[in-house]
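Rule-based calculations on the coordinates, nothing more; no lab input. None of these values were measured; they are calculated from a predicted model. Because the Cβ atoms are built from the backbone with ideal geometry, glycine has one as well, and the counts that use them run over all protein chains shown.
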Amino acid sequence: MTQIVTVFGATGSIGKSTADLLAQHADRFSVGALVGGKDPVALARMARELNASFAALADESAGPALAEALSGSGIPNGAGEGAVMEAVARDADIVVAAVSGAAGLKSTHAALRLGRTVALANKESLVCAGDAFMRDAARYGATILPMDSEHDALSQALAGRPLADVRTMMITASGGPFRTWSHERIAAASATEAAAHPTWSMGMKINIDSASLMNKGLELIEAHHLFGIEPERLDVVVHPQSVIHGMVYWLDGAVTAELALPDMRVPISHCLGLGDRLTIARGRPLDLVTLGALTFEAADEERFPCLRIARAALAAGGAAPTVMNAANEIAVAAFIAGRIGFYGISDLVERACTHFAGQYRTAPADVDEALAIDAHVRVWSAEALPELRAAG
């Protein structure tokens, strides 16, 4: 029996990798709904190629263009929040949640409330509303599968063993494009330089989060919620080859690691296969002899303060991660637009965390509260940008 798969964030990098696997295993999967952001041509092409049952764009203004691009296909389609929620409501065995940023919270949570199996690549869902998400997953009988390469690696390494046997869970970071750069050179970096990730092909925002190591901070928070492990038992190590993605350190001194070339189709295939191993066409085998060496470095929180800030937000708990994420999204957008320098990102995020520290002491009770906090912090952060630039 085929599995019905719905994909949110279909036209992004993870969505495209998912589509590649769905096409390779068309005998095993059928495509329920595809949801994109604002690119009607790309979404229509994918919907036709995968024979999707429904296609939707989050951007309501792009609806007519999507309808035109799908003309004659017989594929129902729509645009705007209503269309996205219609996509959520359609039958699906697996929902791939790959919308970037806090924008993915509503659709991901709506799928979870229907008791779906959610392959989660939208880390902000757990960063902004982790307590509520995990509680509701249990309440509605939903299953959350970690699709980030690091968390999929930890899940495989853990292999169902109890956390009582674990000393530490370690995720790896490539170090990004600025791994060997001086503080002064990083301070003068452009958005184009920050987005030039050395090993992964991702969207602009995620690439810049990787350059600042904020991405690793978000992943630590995500791991805390996914595995129910205390912050002090989570850590990051820089591993430039991006071959080891996650490691579990056991109490007896042994370490279990998952190794794979940096290809998002590997964790995606593990989620889609529901534990089975799917063949990946054109996938390169990992050749350790050719690779020659695997190296590791400590993460430098002086040159990359976003990691330190994220650790502090995780330790503080409450809505601190929600505040941090909202400020970071505003700061990254301002950096891309040339309004602040690279270190303006960490400056703004730290100011926001300090400003709201006494205001949001408890974790959001639900997604609506998380989105309300997110909106409040975004307004404050946007208003703080001119002052930040003047100070810098």
For this session: Treat the count of other C-beta atoms within 10 Å as a stand-in for reagent exposure and order 184, 81, 150, 329 from fewest to most.
Result: 184, 81, 329, 150
Seminar exercise, completed: For the chain, percent of DSSP beta bridges that are antiparallel (nearest 5) comes out at 30
Exercise. Rounded to the nearest 500 deg cm²/dmol, what is the calculated helix-only ellipticity per residue at 222 nm for the chain, with -39500 (n - 2.57) per DSSP H run of length n ≥ 4?
Worked result: -14500 deg cm²/dmol
Exercise. What is the distance, in nm, between label points placed 7 Å from the Cα along the Cα-to-Cβ direction at residue 68 and at residue 290?
Worked result: 4.6
Problem set entry | Segment residue 136-residue 45, length gained on full extension (0.36 nm per residue, minus Cα span) | 29.3 nm
For this session: Return the label of the correct value of Cα extents along the principal axes in Å, as calculated from the structure shown, out of (i) 78, 49, 44; (ii) 59, 59, 38; (iii) 56, 50, 41.
Result: (iii)
Problem set entry | Relative contact order computed over the chain (Cα-Cα under 8 Å; 6+ residues apart), in percent | 15
Problem set entry | Dipole magnitude (debye, nearest 20) for the stretch 199-354, charges at Cβ of Lys, Arg, Asp, Glu | 480
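With viscosity set to 0.692 mPa s and temperature to 37 °C, compute the Stokes-Einstein D of the stretch 3-146, Rh being the Kirkwood radius across alpha carbon pairs; µm²/s, no decimals.
Calculated translational D: 222 µm²/s.
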For this session: Please work out whether the stretch 100-253 counts as rounded, prolate or oblate from its C-alpha gyration tensor, where a ≥ b ≥ c are the square roots of the eigenvalues and a/c under 1.5 means rounded, while otherwise a/b larger than b/c means prolate and anything else oblate?
Result: oblate
Problem set entry | Test item: Cα-centred dipole of the stretch 3-146, Lys/Arg +1 and Asp/Glu -1 on Cβ, debye | 260
Exercise. Fewest to most neighbouring Cβ within 10 Å: what's the order for 95, 31, 367?
Worked result: 367, 31, 95
Exercise. What is the magnitude of the charge dipole of the chain about its Cα centre, with +1 placed on the Cβ of each Lys and Arg, -1 on the Cβ of each Asp and Glu, and no other charges, expressed in debye to the nearest 20?
Worked result: 320
Problem set entry | In sequence order, calculated HN-Hα J values of the stretch 103-112 (Karplus, 6.51, -1.76, 1.60; Hz; x Gly/Pro) | 4, x, 4, 4, 5, 5, 5, 5, 5, 4
Seminar exercise, completed: Dipole check, the stretch 3-146, charges on Cβ (K,R +1; D,E -1), about Cα centroid: among 138, 120, 96 the Cα furthest to the positive pole belongs to 138
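Quickly rank 247-255, 3-11 as a protection proxy: mean count of other C-beta atoms within 10 Å, highest first.
Working: 247-255: 14.0, 3-11: 25.8.
The most tightly packed comes first, giving 3-11, 247-255.
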For this session: Mind checking which of 288, 174, 236 is farthest towards the positive end of the chain's charge dipole, using Cβ charges of +1 (Lys, Arg) and -1 (Asp, Glu) about the Cα centre?
Result: 288
